[in-house]
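Student: Structure incoming, see below.
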Amino acid sequence: SPERDHAGASPGMLHHRRVWLIALLLGAILPVLGHAQGLQNRTRIVLRGGWETERETGAAGAAVRIPIGEVIELLPSADYFFVDVGDAWQGNIDASIRIGNRKLFYVGTGFAILNRKVNNAWSSDVGLNLFAGLAVETPGGRFGLLVEPRFTLRDTDGGNPFYVSLGVSYALGP
């Protein structure tokens, strides 16, 4: 009999779920691009959720986007992964560069600390983040949406997780 996950889904079904998730994420953000503005050099709080393909699990997290000059941002963040057994989370210190005329797109890199707890035993790992994204703001600039695919490269047998997230942001200050 073919391999199945804990919910009885075959690998083919899991691939289709991932494709639909990515399509839904893009469908949610693309309609606002016609009227969207790029990031406006204000610190932003981001709440995000997504899917991580290595453990095939959902995640929820938060980030702070801190502008440094016109195009560079510092991005501390953390994500909790809803694994079947134990706990898993990742903390990140990243930097990104906004690109394009309207600064809607960004690319970045940084460091990750991955932690996993199973049966009261913690294990930790470090990795290198590589990511790109699309971040738009509403015309007033207070709220925004973003979609971000991210790889975390690490030097262990635990794989290199790929994480796609959809987030909402809120600008601090005037």
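Student: Would you tally the residues in region 27-51 being aliphatic (A, V, I, L, M), modelled with pLDDT under 95, farther than 14 Å from Glu148 by Cβ and not in a loop (DSSP other than H, G, I, E, B)? Write out each step before concluding.
Tutor: Keep residues of region 27-51 that are aliphatic (A, V, I, L, M), which gives 28-30, 32-33, 36, 39, 45-47.
Within this subset, residues satisfying the condition of being modelled with pLDDT under 95 are 28-30, 32-33, 36, 39.
Checking which are farther than 14 Å from Glu148 by Cβ leaves us with 30, 32-33, 36.
So of that shortlist, the ones also not in a loop (DSSP other than H, G, I, E, B) come out as 30, 32-33.
Selection size over region 27-51: 3.
Student: Something else now. For the structure I just gave you, tell me whether Leu24 is within 19 Å of Gly144 (Cα to Cα), at pLDDT below 90 and either aromatic (Phe, Trp, Tyr) or open to solvent by 40 Å² or more (accessible area, probe 1.4 Å) (or both). Walk me through it before giving the result.
Tutor: Values: within 19 Å of Gly144 (Cα to Cα): yes; at pLDDT below 90: yes; either aromatic (Phe, Trp, Tyr) or open to solvent by 40 Å² or more (accessible area, probe 1.4 Å) (or both): yes.
Here the answer is yes, as Leu24 does meet what is asked.
Student: Could you check region 52-143 for strands (runs of 3 or more DSSP E) lying wholly inside it with 3 or more residues that are touching a Phe, Trp or Tyr at 6+ places or on another chain (Cβ under 8 Å) and open to solvent by 20 Å² or more (accessible area, probe 1.4 Å)?
Tutor: On the way: elements: 57-68, 72-81, 87-99, 105-118, 121-137.
It comes to 87-99, 105-118, 121-137.
Student: Among the listed residues Arg65, Arg42, which satisfies the condition of being of a type outside the set (A, V, I, L, M) and closer than 23 Å to Val126 by Cβ? Spell out how you get there, then give the answer.
Tutor: Values: Arg42 fails: closer than 23 Å to Val126 by Cβ.
So the residue among Arg65, Arg42 that is of a type outside the set (A, V, I, L, M) and closer than 23 Å to Val126 by Cβ is Arg65.
Student: Another one. Every residue in region 120-174 that is among the small types (Gly, Ala, Ser) and at pLDDT below 90, please.
Tutor: To start, the set of residues in region 120-174 that are among the small types (Gly, Ala, Ser) comprises 121, 123-124, 127, 132-133, 135, 140-141, 144, 158-159, 165, 167, 169, 171, 173.
Once the filter is applied, which keeps residues that are among the small types (Gly, Ala, Ser) and at pLDDT below 90, region 120-174 yields Ala121, Ser123, Ser124, Gly140, Gly141, Gly158, Gly159, Gly173.
The values are calculated or read from the model by the stated rules, or taken from the named source; none is laboratory data. Remember, predicted model here, so these are calculated numbers, not experimental data. Using ideal geometry, Cβ is built from the backbone for each residue, glycine included, and neighbour counts are taken over all protein chains shown. To get the accessible areas, we keep the full protein, side chains included, count just its heavy atoms, and leave off ligands, DNA and RNA. Shrake-Rupley method; radii C 1.70, N 1.55, O 1.52, S 1.80 Å.
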